[in-house]
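**Student:** Please see the structure below; I have some questions.
The values are calculated or read from the model by the stated rules, or taken from the named source; none is laboratory data. Just so we're clear, the structure is a prediction, and the values are computed from it rather than from any experiment. Note that each Cβ is placed from the backbone with ideal geometry, even for glycine, and that neighbours are counted across all protein chains shown.
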C-alpha cells in the first residue's frame, strides 16, 4: 500500500493512559515520544540509526515544530508517517504526519537534525551517512523549523533539577523532556498549547539546575531554559 504525500515509513500506535493529560488529551511530550520512536525505526531500517554508534556518530535534534489540529485521546489508534525531506547545509530534515482511525490528519511536525561525532563534538555532513533517495542533498523543504528569538516581558520563572528519568541513551536530556518541562510551566498558568516550536541549543546533563523563564504574550509565550546562565533551549507555544 502506498503512503500519503511521499512519506517513506509508517507505524501504528495506541494512545495509553500514561500518555494523556487529566483531560484525556495526548500530551505534546508523549506525541514527541511517538515521533522519536518512529524516526528511530525508520533510521534503523535504512542503516543510519543506532548502527552509527559504532562509528562514534549520533543524530542531534536541532529544531522541532509540532502542530496539532485535533488532540488524540486515551485509547485512540494512530497511524504515523515519516520521511526524509532533504538537506540544507549541515541540517537534515524529517517530517511527520499523524492520522486517526478515520484517516483524518490530527497533527503534523517538522524537524531538523545534525550529525555529530560523539567524541570530537564535530558536526559532519549528513549526506555522508544518509541515502540520497530518502534525503536529497540538493533539496530542502519549504517548511523549515525557524530560529526563535524571544521578546517581551518576563511572565514567570522556576528552577528545576535534571533527573535520571530525563536522560537519553547518550546521558543527555532527551528532547522530549524539554517539552514536558514546557508543558508543566505553562500549565501552571492554565495554558495548554496546540503547537510548539523548540530550538535545542546546548547539552543538558544529569544534576544540572535549569532556570526556566516564561516570556512574552500569554497566548503565545516563549520559554527559555538556562544552565549557569547559558541558554540550552528556547521554545514557543501557541494556544487556541
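**Student:** Could you grab me the full set of residues in segment 56-101 that are closer than 21 Å to residue 130 by Cα and not in a strand (DSSP E or B)?
**Tutor:** Selection gives 56, 89, 90.
**Student:** Let me spell it out: the conditions are (1) farther than 17 Å from residue 125 by Cα; (2) in contact (Cβ under 8 Å) with a residue 12 or more places away in the chain; (3) assigned to a loop (DSSP other than H, G, I, E, B), and residue 22 meets all of them except one. Which number is the exception?
**Tutor:** (2)
**Student:** Just to check your reading of the model, which residue among 134, 115 is within 21 Å of the chain's Cα centre (by Cα) and not assigned by TED's automatic domain parsing to the domain that holds residue 58? Give the steps one after another, and end with the answer.
**Tutor:** Working: 115 fails: not assigned by TED's automatic domain parsing to the domain that holds residue 58.
On inspection, the qualifying residue turns out to be 134.
**Student:** Any idea which of 155, 160, 146 is out of contact with any helix residue (DSSP H, G or I) (no Cβ under 9 Å at 6 or more places or on another chain), part of a strand (DSSP E or B), touching a residue at least 40 places away in the same chain (Cβ under 8 Å) and more than 18 Å from residue 49 (Cα to Cα)? I'd like the intermediate steps shown before the answer.
**Tutor:** Working: 160 fails: out of contact with any helix residue (DSSP H, G or I) (no Cβ under 9 Å at 6 or more places or on another chain); 146 fails: part of a strand (DSSP E or B).
It is 155.
**Student:** Does any residue of segment 41-55 turn out to be in contact (Cβ under 8 Å) with a residue 24 or more places away in the chain, under 16 Å from the mean Cα position of the chain (by Cα) and not in a strand (DSSP E or B)?
**Tutor:** So far as segment 41-55 goes, yes, one or more of its residues are in contact (Cβ under 8 Å) with a residue 24 or more places away in the chain, under 16 Å from the mean Cα position of the chain (by Cα) and not in a strand (DSSP E or B).
**Student:** Same structure, new question: Answer yes or no as to whether residue 168 is within 25 Å of residue 205 (Cβ to Cβ), free of Cβ contacts under 8 Å to residues at least 24 places away in the same chain and either touching a strand residue (DSSP E or B) at 6+ places or on another chain (Cβ under 7 Å) or not assigned by TED's automatic domain parsing to the domain that holds residue 56 (or both).
**Tutor:** On the way: within 25 Å of residue 205 (Cβ to Cβ): yes; free of Cβ contacts under 8 Å to residues at least 24 places away in the same chain: yes; either touching a strand residue (DSSP E or B) at 6+ places or on another chain (Cβ under 7 Å) or not assigned by TED's automatic domain parsing to the domain that holds residue 56 (or both): yes.
Against the criterion (within 25 Å of residue 205 (Cβ to Cβ), free of Cβ contacts under 8 Å to residues at least 24 places away in the same chain and either touching a strand residue (DSSP E or B) at 6+ places or on another chain (Cβ under 7 Å) or not assigned by TED's automatic domain parsing to the domain that holds residue 56 (or both)), residue 168 qualifies.
**Student:** Follow-up. Quick one: residue 73 ticks every box in (1) out of contact with any strand residue (DSSP E or B) (no Cβ under 7 Å at 6 or more places or on another chain); (2) touching a residue at least 24 places away in the same chain (Cβ under 8 Å); (3) surrounded by fewer than 19 Cβ atoms within 10 Å (Cβ to Cβ) bar one, so which box is it?
**Tutor:** (1)
**Student:** Now a separate question. Listed residues 153, 145; which is in contact with a strand residue (DSSP E or B) (Cβ under 8 Å, 6 or more places away or on another chain) and surrounded by 15 or more Cβ atoms within 10 Å (Cβ to Cβ)? Break it down into steps so the answer makes sense when it comes.
**Tutor:** Working: 153 fails: surrounded by 15 or more Cβ atoms within 10 Å (Cβ to Cβ).
Answer to the selection: 145.
**Student:** Working carefully through the options 130, 35, find the one that is assigned to a loop (DSSP other than H, G, I, E, B), out of contact with any helix residue (DSSP H, G or I) (no Cβ under 7 Å at 6 or more places or on another chain) and crowded, with 20+ Cβ neighbours inside 10 Å. So that I can check it myself, show each step before the final result.
**Tutor:** On the way: 35 fails: assigned to a loop (DSSP other than H, G, I, E, B).
After ruling out the rest, the residue left standing is 130.
**Student:** Something else now. Surrounded by 15 or more Cβ atoms within 10 Å (Cβ to Cβ) and at negative phi, is that true of residue 111?
**Tutor:** yes
**Student:** Residues in segment 191-224 that are in contact with a helix residue (DSSP H, G or I) (Cβ under 8 Å, 6 or more places away or on another chain) and under 17 Å from residue 145 (Cβ atoms): how many?
**Tutor:** 5
**Student:** Would you mind finding the one in 217, 202 that is touching a residue at least 60 places away in the same chain (Cβ under 8 Å), surrounded by fewer than 22 Cβ atoms within 10 Å (Cβ to Cβ) and not assigned by TED's automatic domain parsing to the domain that holds residue 61?
**Tutor:** Being touching a residue at least 60 places away in the same chain (Cβ under 8 Å), surrounded by fewer than 22 Cβ atoms within 10 Å (Cβ to Cβ) and not assigned by TED's automatic domain parsing to the domain that holds residue 61 holds for just one of 217, 202, which is 217.
**Student:** I'd like the full set of residues that are assigned to a strand (DSSP E or B) and out of contact with any helix residue (DSSP H, G or I) (no Cβ under 7 Å at 6 or more places or on another chain), limited to segment 114-127.
**Tutor:** 114, 116, 117, 122, 123, 124
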